[in-house]
Amino acid sequence: MELYPNVYQIQSLFGGRNLFQYLFVGDNTVLVDTGIAETPERIIFPYLDSLRLPLESLTLAVTTHADLDHQGGNDAVKRTSPGTWLSCGAADRALVEDPRALYDIRYNFLRADHDMGFDPDPAPDAGKARRMDLCFTGGEIIRLRDGWHLEVLHVPGHSHGHLALYDPLHKTAFVGDAIHGRGCPYATGGLAIPVTYYYVDVYLSTLRYFEHLPIDALYSGHWPIMHGEEIRDFIAESRQTVELLDRVILTSLERNRAGLTMKELVDAVASAVGDWPPESWTLAMFPVKGHLDRLEEQGNVRALRGTRPVKWELA
Ligand SMILES: [Zn+2]
(Lines give C-alpha, C1' and ligand atoms only; values in the text may rest on other atoms or scores of the structure.)
Protein backbone atom coordinates (compact mmCIF):
# COMPACT_ATOMS: atom_id res chain seq x y z
CA MET A 1 0.00 0.00 0.00
CA GLU A 2 1.32 3.47 -0.89
CA LEU A 3 1.06 5.66 2.22
CA TYR A 4 2.13 8.83 0.42
CA PRO A 5 4.26 9.40 -2.66
CA ASN A 6 7.24 7.00 -2.68
CA VAL A 7 6.51 5.56 0.77
CA TYR A 8 4.96 2.11 1.08
CA GLN A 9 3.61 -0.13 3.82
CA ILE A 10 4.23 -3.83 3.21
CA GLN A 11 1.76 -6.04 5.08
CA SER A 12 1.65 -9.69 6.08
CA LEU A 13 0.32 -11.67 9.05
CA PHE A 14 2.30 -13.26 11.86
CA GLY A 15 0.48 -15.04 14.67
CA GLY A 16 -2.75 -13.35 13.61
CA ARG A 17 -1.22 -9.90 13.98
CA ASN A 18 -0.33 -7.53 11.19
CA LEU A 19 3.38 -7.43 10.50
CA PHE A 20 4.41 -4.27 8.66
CA GLN A 21 7.58 -3.27 6.88
CA TYR A 22 8.05 0.12 5.24
CA LEU A 23 9.79 1.15 2.06
CA PHE A 24 11.10 4.61 1.13
CA VAL A 25 12.00 5.06 -2.51
CA GLY A 26 14.28 7.93 -3.51
CA ASP A 27 17.84 8.12 -4.80
CA ASN A 28 18.38 5.80 -1.87
CA THR A 29 15.85 3.09 -1.16
CA VAL A 30 15.36 2.24 2.50
CA LEU A 31 13.52 -0.75 3.97
CA VAL A 32 12.34 -0.60 7.58
CA ASP A 33 12.40 -4.05 9.20
CA THR A 34 12.80 -7.37 7.39
CA GLY A 35 10.07 -9.44 9.11
CA ILE A 36 10.55 -13.11 9.96
CA ALA A 37 12.92 -15.39 8.06
CA GLU A 38 10.52 -16.01 5.15
CA THR A 39 9.14 -12.45 4.84
CA PRO A 40 11.69 -11.15 2.30
CA GLU A 41 11.26 -13.98 -0.20
CA ARG A 42 7.53 -14.41 0.33
CA ILE A 43 6.42 -10.78 0.74
CA ILE A 44 9.07 -8.06 0.39
CA PHE A 45 10.84 -9.14 -2.82
CA PRO A 46 7.56 -9.69 -4.71
CA TYR A 47 6.45 -6.27 -3.48
CA LEU A 48 9.62 -4.67 -4.87
CA ASP A 49 8.95 -6.54 -8.10
CA SER A 50 5.47 -5.08 -8.29
CA LEU A 51 7.03 -1.59 -8.05
CA ARG A 52 9.53 -2.59 -10.75
CA LEU A 53 12.34 -1.97 -8.30
CA PRO A 54 15.33 -4.28 -8.72
CA LEU A 55 16.44 -5.81 -5.43
CA GLU A 56 19.89 -4.29 -5.89
CA SER A 57 18.35 -0.82 -5.66
CA LEU A 58 17.77 -1.45 -1.94
CA THR A 59 20.38 0.76 -0.29
CA LEU A 60 19.70 0.13 3.37
CA ALA A 61 17.61 -2.12 5.61
CA VAL A 62 16.98 -0.74 9.11
CA THR A 63 15.98 -3.21 11.84
CA THR A 64 14.05 -1.12 14.36
CA HIS A 65 14.80 -3.46 17.26
CA ALA A 66 15.86 -6.90 18.42
CA ASP A 67 12.89 -9.23 17.88
CA LEU A 68 12.50 -12.17 15.55
CA ASP A 69 9.60 -10.59 13.63
CA HIS A 70 11.66 -7.49 12.80
CA GLN A 71 15.13 -8.95 12.20
CA GLY A 72 14.40 -12.49 10.98
CA GLY A 73 14.65 -11.56 7.29
CA ASN A 74 18.06 -9.87 7.51
CA ASP A 75 19.91 -12.95 6.29
CA ALA A 76 17.59 -13.39 3.31
CA VAL A 77 17.99 -9.71 2.33
CA LYS A 78 21.79 -9.81 2.52
CA ARG A 79 22.03 -13.20 0.81
CA THR A 80 19.90 -12.00 -2.09
CA SER A 81 21.21 -8.45 -2.29
CA PRO A 82 24.79 -8.35 -0.93
CA GLY A 83 25.09 -4.64 -1.71
CA THR A 84 22.28 -3.72 0.68
CA TRP A 85 23.58 -2.46 4.02
CA LEU A 86 22.00 -3.99 7.11
CA SER A 87 21.61 -1.73 10.13
CA CYS A 88 20.09 -1.51 13.61
CA GLY A 89 20.43 0.37 16.88
CA ALA A 90 23.92 0.06 18.33
CA ALA A 91 22.62 -1.17 21.69
CA ASP A 92 20.64 -3.99 20.03
CA ARG A 93 23.43 -5.13 17.73
CA ALA A 94 24.46 -8.35 19.52
CA LEU A 95 20.83 -9.54 19.67
CA VAL A 96 19.97 -8.55 16.09
CA GLU A 97 23.05 -10.25 14.69
CA ASP A 98 22.49 -13.63 16.31
CA PRO A 99 19.22 -15.45 17.04
CA ARG A 100 21.03 -17.55 19.66
CA ALA A 101 21.84 -14.38 21.60
CA LEU A 102 18.28 -13.10 21.05
CA TYR A 103 16.86 -16.22 22.69
CA ASP A 104 19.41 -16.56 25.50
CA ILE A 105 19.62 -12.90 26.48
CA ARG A 106 16.22 -11.43 25.54
CA TYR A 107 13.63 -14.24 25.49
CA ASN A 108 14.86 -16.68 28.13
CA PHE A 109 16.65 -14.46 30.63
CA LEU A 110 14.06 -15.23 33.32
CA ARG A 111 14.03 -18.99 32.92
CA ALA A 112 16.61 -19.88 35.58
CA ASP A 113 15.26 -17.69 38.41
CA HIS A 114 11.60 -17.31 37.46
CA ASP A 115 10.77 -20.39 35.42
CA MET A 116 9.28 -18.31 32.62
CA GLY A 117 10.37 -18.11 29.01
CA PHE A 118 10.14 -19.67 25.59
CA ASP A 119 11.62 -22.62 23.72
CA PRO A 120 15.33 -22.70 24.42
CA ASP A 121 16.30 -22.96 20.75
CA PRO A 122 15.64 -20.21 18.22
CA ALA A 123 12.58 -20.82 16.01
CA PRO A 124 13.22 -20.99 12.25
CA ASP A 125 11.25 -17.70 12.01
CA ALA A 126 14.16 -15.97 13.76
CA GLY A 127 16.35 -16.47 10.68
CA LYS A 128 20.09 -16.95 10.53
CA ALA A 129 22.91 -15.00 12.14
CA ARG A 130 23.97 -11.97 10.10
CA ARG A 131 26.40 -9.14 10.88
CA MET A 132 25.21 -5.54 10.72
CA ASP A 133 26.99 -3.23 8.30
CA LEU A 134 26.05 -0.09 10.18
CA CYS A 135 24.70 0.83 13.61
CA PHE A 136 22.77 3.92 14.66
CA THR A 137 22.65 5.65 18.02
CA GLY A 138 20.07 8.30 17.11
CA GLY A 139 20.52 11.71 15.51
CA GLU A 140 21.74 10.42 12.14
CA ILE A 141 20.23 11.62 8.86
CA ILE A 142 19.46 9.21 6.00
CA ARG A 143 19.24 11.03 2.68
CA LEU A 144 16.45 9.74 0.44
CA ARG A 145 16.85 12.42 -2.24
CA ASP A 146 17.68 16.13 -2.25
CA GLY A 147 15.18 17.86 0.02
CA TRP A 148 13.92 14.61 1.58
CA HIS A 149 15.54 12.69 4.38
CA LEU A 150 14.80 10.52 7.41
CA GLU A 151 15.95 11.30 10.92
CA VAL A 152 17.03 8.33 13.02
CA LEU A 153 15.56 8.46 16.53
CA HIS A 154 16.76 6.40 19.48
CA VAL A 155 13.57 5.42 21.32
CA PRO A 156 14.42 2.77 23.95
CA GLY A 157 12.03 0.99 26.30
CA HIS A 158 10.97 -2.13 24.39
CA SER A 159 14.67 -2.74 23.78
CA HIS A 160 17.83 -0.77 24.61
CA GLY A 161 18.63 0.13 21.03
CA HIS A 162 15.14 0.61 19.59
CA LEU A 163 15.07 2.97 16.60
CA ALA A 164 12.33 4.98 14.92
CA LEU A 165 12.54 6.91 11.66
CA TYR A 166 11.07 10.37 11.35
CA ASP A 167 10.22 12.03 8.04
CA PRO A 168 10.22 15.76 8.91
CA LEU A 169 9.03 16.78 5.43
CA HIS A 170 5.75 14.88 5.88
CA LYS A 171 5.64 14.85 9.71
CA THR A 172 5.38 11.06 9.76
CA ALA A 173 6.98 8.66 12.24
CA PHE A 174 7.83 4.99 11.70
CA VAL A 175 8.14 3.67 15.21
CA GLY A 176 8.36 -0.13 15.05
CA ASP A 177 7.27 -1.44 18.47
CA ALA A 178 8.37 1.61 20.49
CA ILE A 179 4.84 2.43 21.75
CA HIS A 180 2.58 -0.29 23.12
CA GLY A 181 -0.76 1.18 24.10
CA ARG A 182 -2.52 -1.49 26.20
CA GLY A 183 -1.18 -4.36 24.11
CA CYS A 184 -0.75 -5.42 20.52
CA PRO A 185 -3.88 -6.15 18.47
CA TYR A 186 -4.90 -8.94 16.15
CA ALA A 187 -5.29 -7.82 12.54
CA THR A 188 -9.01 -8.45 12.97
CA GLY A 189 -9.27 -6.43 16.21
CA GLY A 190 -9.05 -7.20 19.91
CA LEU A 191 -5.76 -7.61 21.75
CA ALA A 192 -3.44 -10.46 20.73
CA ILE A 193 -0.61 -9.99 23.22
CA PRO A 194 0.25 -7.89 26.28
CA VAL A 195 2.46 -4.84 26.32
CA THR A 196 6.09 -5.94 26.09
CA TYR A 197 8.07 -2.86 27.06
CA TYR A 198 10.79 -3.60 29.57
CA TYR A 199 12.84 -0.56 30.63
CA VAL A 200 10.11 1.45 32.33
CA ASP A 201 11.76 4.84 32.87
CA VAL A 202 13.22 5.08 29.39
CA TYR A 203 9.92 3.83 27.95
CA LEU A 204 8.16 6.72 29.70
CA SER A 205 10.73 9.18 28.35
CA THR A 206 10.22 7.72 24.86
CA LEU A 207 6.45 8.32 25.21
CA ARG A 208 7.11 11.90 26.30
CA TYR A 209 9.50 12.40 23.39
CA PHE A 210 6.90 11.27 20.85
CA GLU A 211 4.31 13.51 22.49
CA HIS A 212 6.44 16.54 21.74
CA LEU A 213 7.39 15.55 18.21
CA PRO A 214 5.13 16.99 15.50
CA ILE A 215 3.57 13.81 14.07
CA ASP A 216 0.63 13.86 11.66
CA ALA A 217 0.70 10.12 10.97
CA LEU A 218 2.16 7.26 13.00
CA TYR A 219 3.17 3.96 11.40
CA SER A 220 4.26 0.99 13.51
CA GLY A 221 5.22 -2.66 13.35
CA HIS A 222 1.77 -4.09 14.17
CA TRP A 223 -0.71 -1.39 15.17
CA PRO A 224 -3.20 0.34 12.87
CA ILE A 225 -2.18 3.58 11.19
CA MET A 226 -2.91 6.53 13.46
CA HIS A 227 -3.45 10.23 12.82
CA GLY A 228 -3.71 13.35 15.01
CA GLU A 229 -5.79 12.72 18.13
CA GLU A 230 -5.45 8.94 17.74
CA ILE A 231 -1.71 9.34 18.27
CA ARG A 232 -2.24 11.44 21.41
CA ASP A 233 -4.73 8.87 22.74
CA PHE A 234 -2.40 5.95 21.97
CA ILE A 235 0.46 7.57 23.87
CA ALA A 236 -1.85 8.48 26.77
CA GLU A 237 -3.13 4.90 26.91
CA SER A 238 0.46 3.67 26.91
CA ARG A 239 1.29 5.83 29.91
CA GLN A 240 -1.90 4.78 31.75
CA THR A 241 -0.94 1.14 31.21
CA VAL A 242 2.45 1.75 32.82
CA GLU A 243 0.71 3.36 35.80
CA LEU A 244 -1.78 0.50 36.04
CA LEU A 245 0.93 -2.16 36.06
CA ASP A 246 2.89 -0.35 38.75
CA ARG A 247 -0.24 -0.03 40.91
CA VAL A 248 -1.36 -3.63 40.45
CA ILE A 249 2.09 -5.03 41.28
CA LEU A 250 2.32 -2.96 44.48
CA THR A 251 -1.23 -3.70 45.69
CA SER A 252 -0.81 -7.42 44.91
CA LEU A 253 2.35 -7.52 47.01
CA GLU A 254 0.61 -5.58 49.80
CA ARG A 255 -2.12 -8.24 49.90
CA ASN A 256 0.36 -11.13 49.79
CA ARG A 257 2.98 -10.43 52.43
CA ALA A 258 4.53 -13.88 51.97
CA GLY A 259 5.56 -12.76 48.50
CA LEU A 260 4.54 -13.59 44.95
CA THR A 261 6.33 -15.29 42.09
CA MET A 262 6.77 -13.62 38.73
CA LYS A 263 4.09 -15.87 37.30
CA GLU A 264 1.62 -14.89 40.04
CA LEU A 265 2.36 -11.22 39.41
CA VAL A 266 1.90 -11.70 35.67
CA ASP A 267 -1.50 -13.30 36.36
CA ALA A 268 -2.48 -10.42 38.65
CA VAL A 269 -1.50 -7.80 36.08
CA ALA A 270 -3.18 -9.64 33.20
CA SER A 271 -6.40 -10.07 35.19
CA ALA A 272 -6.42 -6.34 36.00
CA VAL A 273 -6.00 -5.37 32.34
CA GLY A 274 -8.72 -7.86 31.48
CA ASP A 275 -8.50 -8.47 27.74
CA TRP A 276 -5.10 -9.99 27.05
CA PRO A 277 -5.68 -13.55 25.74
CA PRO A 278 -4.59 -16.00 28.49
CA GLU A 279 -2.35 -17.96 26.11
CA SER A 280 -0.24 -14.82 25.63
CA TRP A 281 0.07 -13.80 29.29
CA THR A 282 3.63 -15.16 29.52
CA LEU A 283 4.77 -12.21 27.44
CA ALA A 284 3.81 -9.87 30.28
CA MET A 285 6.91 -11.18 32.08
CA PHE A 286 8.85 -8.44 30.24
CA PRO A 287 7.00 -5.42 31.65
CA VAL A 288 6.41 -7.10 35.03
CA LYS A 289 10.14 -7.76 35.43
CA GLY A 290 10.85 -4.23 34.19
CA HIS A 291 8.52 -2.77 36.81
CA LEU A 292 9.98 -5.01 39.55
CA ASP A 293 13.51 -3.89 38.63
CA ARG A 294 12.41 -0.27 38.88
CA LEU A 295 10.49 -0.80 42.13
CA GLU A 296 13.54 -2.57 43.58
CA GLU A 297 15.78 0.32 42.54
CA GLN A 298 13.34 2.68 44.26
CA GLY A 299 13.57 0.55 47.41
CA ASN A 300 9.90 -0.54 47.28
CA VAL A 301 10.26 -4.27 46.63
CA ARG A 302 12.89 -6.96 47.02
CA ALA A 303 13.45 -10.42 45.62
CA LEU A 304 13.67 -13.34 48.04
CA ARG A 305 16.76 -14.83 46.48
CA GLY A 306 16.66 -18.20 48.19
CA THR A 307 13.37 -19.30 46.63
CA ARG A 308 12.99 -20.97 43.27
CA PRO A 309 11.10 -19.64 41.41
CA VAL A 310 12.12 -16.36 43.02
CA LYS A 311 9.42 -14.63 45.09
CA TRP A 312 9.03 -10.87 45.38
CA GLU A 313 7.86 -9.00 48.47
CA LEU A 314 7.40 -5.44 49.63
CA ALA A 315 10.63 -3.99 51.02
ZN1 LIG B 1 7.08 -6.75 16.74
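The values are calculated or read from the model by the stated rules, or taken from the named source; none is laboratory data. Keep in mind the model is a prediction, meaning the values are calculated, not measured. Cβ: placed from backbone, ideal geometry, glycine included. Neighbour counts: every protein chain shown. Please note that ligands, DNA and RNA were not included when accessible areas were found on the heavy atoms of the full protein model with its side chains. Shrake-Rupley method; radii C 1.70, N 1.55, O 1.52, S 1.80 Å.
Pair-distance distribution of the range 261-311: all C-alpha pairs, bin width 5 Å, starting at 0; shares per bin in whole percent are 5, 20, 27, 24, 15, 8, 2. Go ahead and set up a Gaussian network model of the chain, Cα springs under 10 Å, then flag whichever of Pro224, Pro277, Pro194 fluctuates most. Answer for the Gaussian network model of the chain: Pro277. Between amide H atoms placed 1.01 Å from N, distances below 5 Å from His162 occur with Val155, Gly157, all of them 5 or more places distant or on a separate chain.
Here the Karplus relation 6.51 cos²θ - 1.76 cosθ + 1.60, evaluated at θ = phi - 60°, turns the backbone of the range 26-35 into coupling constants of x, 4, 9, 10, 10, 9, 9, 6, 10, x Hz, with x for every Gly and Pro. From the largest down, the range 10-64 spans 35, 23, 15 angstrom on the principal axes of its Cα atoms.
Percent relative contact order of the chain, based on C-alpha pairs within less than 8 angstrom and at least six residues apart? It rounds to 14 percent for the chain.
Taking Cα atoms only, the orientation of helix 285-297 departs from the longest principal axis of the chain by about 60 degrees. Phi-derived couplings, Karplus 6.51 cos²θ - 1.76 cosθ + 1.60 at θ = phi - 60°, listed residue by residue for the range 205-220: 6, 5, 4, 4, 4, 5, 4, 9, 8, x, 10, 8, 9, 10, 10, 10 Hz, with x used for Gly and Pro. Just the number, please: percent antiparallel of the DSSP beta bridges in the chain, rounded to the nearest 5. Looking only at bridges with both residues in the chain, the antiparallel portion is about 70 percent.
Note on the chain: GNM, Cα springs under 10 Å; of Gly35, Gly147, Gly290, the largest mean-square fluctuation is that of Gly147.
The residues of the range 188-311 have, on average, 45 Å² of accessible surface per residue, using a 1.4 Å probe with all protein chains present.
In square nanometres, what is one fourth of the surface area of the convex hull spanned by the alpha carbons of the range 74-113? Walk me through the intermediate numbers first.
Working: hull surface 13.0 nm².
Averaged projected area of the range 74-113's Cα convex hull equals 3.2 nm².
Here the chain is described by how far its Cα atoms reach on the three principal axes: 63, 41, 35 Å, from widest to narrowest. Close amide H pairs (under 5 Å, H built 1.01 Å from N) link Thr29 with Thr59, Leu60, residues at least 5 positions away or on another chain. In this structure, the amide hydrogen of Phe14, modeled 1.01 Å from its nitrogen in the peptide plane, lies closer than 5 angstrom to those of Leu19, counting only residues at least 5 positions away or on a different chain. Largest GNM mean-square fluctuation among Ala37, Ala272, Ala126, using the chain with Cα springs under 10 Å: Ala272. Dividing the helix sum by the residues of the chain, where each DSSP H run of 4 or more adds -39500 (n - 2.57), gives a mean residue ellipticity at 222 nm of -8500 deg cm²/dmol.
Within the range 118-236, the proportion of C-alpha pairs whose separation exceeds 22 Å stands at 41%. Each of Gln240, Phe109, Trp223 was scored by the projection of its Cα onto the charge dipole of the chain, and the greatest displacement toward the positive side belongs to Phe109; charges sit on the C-beta of Lys, Arg, Asp and Glu.
Based on alpha carbons, the Rg and Dmax found for the range 1-149 are 15.7, 53 Å.
Relative to the present Cα-Cα distance, how much length would full extension add between Glu254 and Glu237 at 0.36 nm per residue of separation? Write out the running numbers ahead of the final one.
Values: separation 17, 0.36 × 17 = 6.12 nm, distance 2.54 nm.
Gain on extension, Glu254 to Glu237, equals 3.6 nm.
Using a Debye calculation, one point per C-alpha and no hydration shell, please list log10 I(q)/I(0) for the range 122-169 at q = 0.13, 0.16 Å⁻¹ in order. Normalising to I(0) and taking log10 leaves -0.44, -0.62. Dipole check for the chain: with +1 at the C-beta of Lys and Arg, -1 at the C-beta of Asp and Glu, and the Cα centre as origin, the magnitude is about 540 Debye.
State the percentage of accessible surface on the chain attributable to carbon and sulfur atoms; use a 1.4 Å probe and exclude ligands, DNA and RNA. The nonpolar share, carbon plus sulfur, comes to 52 percent. Measuring from a point 7 Å past the Cα of Ala101 along Cα-to-C-beta, which residues in the range 176-208 have an amide N at less than 11 Å? No residue passes the distance filter. Think of the chain as a dipole: +1 on every Lys or Arg Cβ, -1 on every Asp or Glu Cβ, centred on the Cα centre; then among Val152, Ala315, Ala61, Ala315 lies furthest on the positive end.
The slack in the chain from Leu244 to Leu169, taken as 0.36 nm per residue of separation less the alpha-carbon distance, amounts to 23.4 nm. Other residues lying with their Cβ under 11 Å from the Cβ of Leu191 contribute a combined charge of +1, Lys and Arg counting +1, Asp and Glu -1. Coupling constants for the range 300-306 follow from the phi torsions by the Karplus curve (6.51 cos²θ - 1.76 cosθ + 1.60, θ = phi - 60°), and in residue order they are 8, 9, 9, 8, 8, 5, x Hz; glycine and proline get x.
Once fully extended, how much extra length lies between Ala94 and Arg52, figured as 0.36 nm per residue of separation less the alpha-carbon to alpha-carbon distance? All intermediate terms of the calculation are to be shown ahead of the outcome.
Working: separation 42, 0.36 × 42 = 15.12 nm, distance 3.42 nm.
Taking Ala94 through Arg52 to full extension adds about 11.7 nm, to one decimal.
Please compute the per residue accessible area over the range 45-112 with all protein chains in place, 1.4 Å probe, rounded to a whole number of Å². Walk me through the numbers before you get to the answer.
On the way: 2580 Å² over 68 residues.
Solvent-accessible surface per residue comes out at 38 Å².
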